[in-house]
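Participant: The structure under discussion is supplied below as structure tokens; questions concerning it will follow.
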Amino acid sequence: GAKFFKFCKDCKIADSKITRTDIDMLFAKIKVKGTRTITFSIFKSAIPQLAAKKYGPGSEEKLTDLIKKNGFSKSSGTKAKATRFHDDKSQYTGVYKNGGPSSVSGHKITLSKMMDRSKANVRGVNYRYDHNK
């Protein structure tokens, strides 16, 4: 029912005359009992009922023209607004002003370095591999 309503909304069938409730009730009426979907032939049988509700009896052609005109899916993904603290790099402060933090000091970590048990400084860096000395 939700996709049928989205179709009706995208095609501008849903308005003040045809509400979501009307569309949901029509969908429940036309679908086969125990199923959650409708076939194309069942959909075509619903067109006269939608047309009668929207424009009055005998106006199927007017409704099909409306569907042809507006009958493509409309994606409405969320667009993020511009944020000056994120987008404007001249506003960056601290570490981020200089390119951001690094999790590794740029030195290659090997198994032999990891298993080396020689003395280390206060920060846990092995004296043998301390490049800041």
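Participant: Please say if the range 13-78 is rounded, prolate or oblate, where rounded means a/c under 1.5 for a ≥ b ≥ c the square roots of the C-alpha gyration tensor eigenvalues, and otherwise the choice is prolate for a/b larger than b/c and oblate otherwise?
Facilitator: Because its axes are fairly even, with a/c under 1.5, the range 13-78 counts as rounded.
Participant: With the full set of protein chains in place, find how many percent of the accessible area of the range 1-113 is carbon and sulfur; take the probe as 1.4 Å.
Facilitator: Summing carbon and sulfur atoms, their accessible area is 57 percent of the total for the range 1-113.
Participant: Run through the range 1-95 and list the chymotrypsin sites (Phe, Trp or Tyr not before Pro) located in a DSSP loop whose Cβ has at most 13 other Cβ atoms within 10 Å.
Facilitator: Those satisfying the criteria are 72.
Participant: A further question on this structure: Size of the dipole of the chain about the Cα centre, Lys and Arg at +1 and Asp and Glu at -1 on the beta carbon, nothing else charged, in debye to 20?
Facilitator: Dipole about the Cα centre, nearest 20: 360 debye.
Participant: How much accessible area per residue does the range 1-106 have, in Å², with a 1.4 Å probe?
Facilitator: 78 Å²
Participant: Quick check on my link table: of 3/33; 3/81; 33/69; 17/79, which ones sit more than 22 Å apart, alpha carbon to alpha carbon?
Facilitator: Over 22 Å Cα-Cα: 3/81; 33/69; 17/79.
Participant: Which order do 31, 6, 12 take when ranked by solvent-accessible area (1.4 Å probe, heavy atoms of all protein chains), largest first?
Facilitator: Of 31, 6, 12, the descending order of accessible area is 12, 6, 31.
Participant: Enumerate the aspartates and glutamates that residue 44 could reach by cross-link, defined here as Cα to Cα under 18 Å, with residues fewer than 8 away along the same chain left out.
Facilitator: 10, 22, 24, 60, 61, 65
Participant: Show the residues, 5+ positions off or on another chain, whose built amide H is closer than 5 Å to the amide H of residue 120.
Facilitator: 127
Participant: In addition: In the chain, if the dipole is taken from +1 on Lys/Arg beta carbons and -1 on Asp/Glu beta carbons about the Cα centre, which of 14, 126, 98 is farthest to the positive end?
Facilitator: The one lying farthest along the dipole's positive direction is 126.
Participant: Now for a different question. Using only Cα atoms, figure out Rg for the chain and give it as a multiple of 2.2 N^0.38 Å.
Facilitator: Compared with the compact-globule rule of thumb, the chain sits at 2.28.
The values are calculated or read from the model by the stated rules, or taken from the named source; none is laboratory data. The structure displayed is predicted, hence computed values, not measured ones. As a convention, Cβ positions derive from the backbone with ideal geometry for all residues, glycine included, and neighbour counts pool all protein chains shown. Just the protein is used for accessible areas: all its heavy atoms, side chains included, with ligands, DNA and RNA removed. Shrake-Rupley method; radii C 1.70, N 1.55, O 1.52, S 1.80 Å.
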